[in-house]
Amino acid sequence: DKIITKEDIIMDKYSAIGVLDSGVGGLTVLKELEKSLPSENKIYFGDSLRMPYGNKSEEEIIFLANEMISFLEKRNVKVILLACNTISSYIDKISSNVPLFSIVKSGSKAIYESHTKNTVGLIATKATVNSKSYERELYKLKKDIKIISKDSTKLPKVIDKQIENTPLLNDLIKECIDPILKEDKNIKELVLGCSHFPIIEKEIKAIYKDLTLLDPAKKMVEDTMDYLKKEHLLNDSTDKRTSLYTTEDILEFVAYIKRLSLNIDKLEKVKLLKDD
Ligand code: DGL
């Protein structure tokens, strides 16, 4: 397979915005893109076959992220949004020929802009929590915001399998948020530091009515929009397409496309090089 270089990629305003995630979680970012940048072409890639990424090794996460990025580069994307917090946590070690956007960086900006207390809660995967990526990004913005985090490795898989509104889901939500509030009961903001969590925002809010839930996806799309404007890369054509690729059965995606009312032109199951 040919190695892609910068010269091989057409990066003009008609090129698509690429979004990648370990599974269906990043569809919440795609939804935000649909709302804020409706005239852009979009290509989404979710590696549902290998998810969860949250308990994989750093080496494996980087390897898989690089493969997904090559997949999107071959389809001429002008930017790639790393909708997955776990992948974003290792952005500095990932190679790409197109600009990458990290949801952790956008999420940290969202915390910085909306925190009312100097301690915020974070629920994320084991890999994200252990990497301390949120702490690093926040430190660059403001030195005295403290994060109390809890990893929740089981939750994304349960969400991917669509076990919503069940006692199991509620138990798992409590299992990851209660310890944070136990450590600091004055916490007011909780960051949804895993792309799957905005999908169950309603369920979380029903249990923790006093918490403000921060979804980094909104800020990520704002950051993307600012960049495209600055670089004169905003698409003004009315002929746009959204294509969705997954490494797993497409049925899982069909349910979420419906749930999020997404407009999709193409849905296809594909293989990564690793599968050959
Ligand atoms: N999409 C991942 C994230 O945002 C969570 C799911 C996983 O563990 O693969 O961190």
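Every number here is computed from the coordinates shown, using simple stated rules; none is lab data. This one's a predicted model, so the numbers in the text were calculated from it and none came from an experiment. Cβ coordinates were reconstructed from backbone atoms using ideal geometry, including for glycine residues, and neighbour counts include every protein chain displayed.
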Item checked: Simple Cβ-charge dipole of segment 87-197, Lys/Arg +1 and Asp/Glu -1, about Cα centre, in debye nearest 20 -> 280 debye
Note to self: In whole Hz and in residue order, list the ³J(HN,Hα) couplings for segment 44-55 that follow from phi through the Karplus curve 6.51 cos²θ - 1.76 cosθ + 1.60, θ = phi - 60°; x for Gly and Pro.
What the structure shows: 10, 10, x, 8, 4, 4, 9, 5, x, 7, x, 10
Next item on the list: Just grab the label-to-label distance for residue 126 and residue 39, each label 7 Å out from Cα along the Cβ direction, in nm (one decimal).
Entry: 4.7 nm
Next item on the list: Taking the dipole about the Cα centre of the chain, with the C-beta of Lys and Arg at +1 and of Asp and Glu at -1, give me whichever of 128, 103, 204 is farthest to the positive side.
Entry: 204
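What pairs from 74/140; 93/258; 154/209 go past 31 Å between their alpha carbons?
On the way: 74/140 34 Å; 93/258 35 Å; 154/209 23 Å.
Distance filter (> 31 Å) returns 74/140; 93/258.
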Next item on the list: Apply the Karplus parameterisation 6.51 cos²θ - 1.76 cosθ + 1.60, with θ equal to phi minus 60°, to every residue of segment 261-266 and state each ³J(HN,Hα) to the nearest whole Hz, in sequence, with x for glycine and proline.
Entry: 6, 7, 9, 10, 8, 8
Next item on the list: Run down the aspartates and glutamates and flag those whose C-alpha is under 15 Å from the C-alpha of residue 78, throwing out any fewer than 8 positions away in its chain.
Entry: 7, 8, 12, 40, 223, 226, 231, 236
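Please state the charge dipole magnitude for the chain, taken about the Cα centre, from unit charges on C-beta atoms (+1 on K and R, -1 on D and E), reported in debye and rounded to the nearest 20. Mind showing how you got there, number by number?
Values: 45 positive and 45 negative charges, 123 e Å.
Taking the Cα centre of the chain as origin, the dipole is about 580 debye.
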Next item on the list: Would you look at the GNM of the chain, springs on alpha carbons closer than 10 Å, and say which of 212, 86, 246 moves the most?
Entry: 212
Item checked: Per-residue ³J(HN,Hα) for segment 71-88, Karplus 6.51 cos²θ - 1.76 cosθ + 1.60, θ = phi - 60°, Hz, x for Gly and Pro -> 4, 6, 4, 5, 9, 6, 9, 8, 8, 10, 9, 7, 6, 8, 5, 4, 5, 4
Next item on the list: Any chance you could check the Cα centroid distance between segment 102-116 and segment 218-234 for me, in angstrom?
Entry: 16 Å
Check: Label residue 270 and residue 13 with points 7 Å out from Cα along Cα→Cβ: what is the distance between them in nm?
Finding: 2.6 nm
Next item on the list: First measure r as the distance between the Cβ atoms of residue 236 and residue 188, then evaluate 1/(1 + (r/R0)^6) with R0 = 51 Å and state the FRET efficiency to the nearest 0.05.
Entry: 0.80
Notebook entry, point to check: Taking a 32 Å limit on the Cα-Cα distance, which of the listed pairs 132/188; 109/174; 35/185 fall beyond it?
Noted result: 35/185
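Given charges of +1 on the Cβ of Lys and Arg and -1 on the Cβ of Asp and Glu, with all other atoms neutral, how large is the dipole of segment 1-42 about its Cα centre, in debye to the nearest 20? Don't jump to the answer; show the numbers that get you there.
Details: 6 positive and 8 negative charges, 24 e Å.
Computed charge dipole of segment 1-42: roughly 120 debye.
Could you work out the local net charge near residue 214, counting Lys and Arg as +1, Asp and Glu as -1, over the other residues with Cβ closer than 13 Å to its Cβ?
Computed value for this residue: +2.
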Checklist line | Gaussian network model of the chain, Cα within-10 Å springs - most flexible of 111, 17, 145 | finding: 145
